[in-house]
Amino acid sequence: MRRFLFFLFVSSIAMAILGAGVAFGAGEAEEIDEPDEVRFVEVAWLDIEVTTATTRLVLESLGYETTSDMVSVPVAYEALATEEADIFLGNWMPSMASIANPHIEEDGTVESVRANLEGARYTLAVPQYVHDAGVTSVADLADHQEEFGAEIYGIEPGNDGNQLIQEMIEDDAFGLGDFELVESSEAGMLSEVGSRTRNEEWIVFLGWEPHPMNTQHDIAYLADADDYFGPDYGGATVYTNVRAGYLEEAPNVGTFLENLEFTLDMENELMLMVDAEGMEAREAAQEWLQENPAILEDWLDGVRSVDGRDGLEVVRAELGID
């Protein structure tokens, strides 16, 4: 009888330990307690299109639902400020300071998470043959007003670069007071650049890198616009922004965003896949990540899937990475 009672006692302890182990294991894979919908805003620039597509692909592989609205820069910040969007990956600084800083530094409705790209630039550019003809600085533009048709080509209305060009015109900086800003879109502007360069006609336009324009067209950036576009030929850093409080509401996504960093080479490769090879941004993102999976180790450090599993393992499996 004593042996039987001892057996029952030992068995009950073993079952309790086993049950605790099962419960602990289940706890490790417990579904995360945060919103599973992530809302992006993006602008119609190829670099932001590919970085947003790549980021969405990873989040969807983790089990999140994502959406993205294509808007102008001011509307992107209004959407974050009014909590109609969660994330914007395209805060180019310092050129966006006049639009972004009132929300980030003054009213606190938008937060800057981290720099996601270093070494970018954003300023006025001309075809190389125009540069070779002596137009090397914004100070040279007014002397060749007739050749340029007194026009400076920008991109979509409301864009920060357009605003800086318009300020230069209104300030009559470098004698540009008689010039006109031609607003279009990224695609429209670059179509005009392509048309002009085929005939070696003169054009001055808003240029930046990373972007395929730097390899598809032989262009040169203009010096001396530091007071408007910043030093080092418009040297820029791109930041990830979120609506105020989002990192606290969604700490798992927040960890991912705090890890998320791109490179010039990566973005150039992705943009060429879209622009030159005709791939969709999401398709390009998936192919690039399959060929460069090591980057996921840094991005997903400390990140879990929506159902609580190890984020790196889940994403690798979802993307078909061995």
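The values are calculated or read from the model by the stated rules, or taken from the named source; none is laboratory data. Bear in mind the structure is a predicted one, so any value in this text is a computation, not a measurement. Reconstructed Cβ throughout: ideal geometry from the backbone, glycine too, with neighbour counts over all protein chains shown. Protein only, heavy atoms only, side chains kept; ligands, DNA and RNA dropped before computing areas. Shrake-Rupley method; radii C 1.70, N 1.55, O 1.52, S 1.80 Å.
Points to keep in mind about this one:
- Hits in region 269-309 - residues which are assigned to a loop (DSSP other than H, G, I, E, B), surrounded by fewer than 16 Cβ atoms within 10 Å (Cβ to Cβ) and at pLDDT 95 or above: E280, N292, P293, A294, D301, G302, D307
- Among the residues making up region 86-101, those that are in contact with a helix residue (DSSP H, G or I) (Cβ under 9 Å, 6 or more places away or on another chain) and outside any strand (DSSP E or B) are D86, P94, S95, M96, A97, S98, I99, A100.
- Long-range neighbours under 8 Å by Cβ, at least six apart or interchain, first residue basic (K, R) within region 296-312, second surrounded by fewer than 16 Cβ atoms within 10 Å (Cβ to Cβ): R304/D310; R309/A29
- Helices (runs of 4 or more DSSP H) wholly inside region 202-268 that include at least 2 residues being open to solvent by 50 Å² or more (accessible area, probe 1.4 Å) and at positive phi: 231-234
- Here E84, E65, E78, E60 are screened, and the one residue that is acidic (D, E) and within 9 Å of V41 (Cβ to Cβ) is E84.
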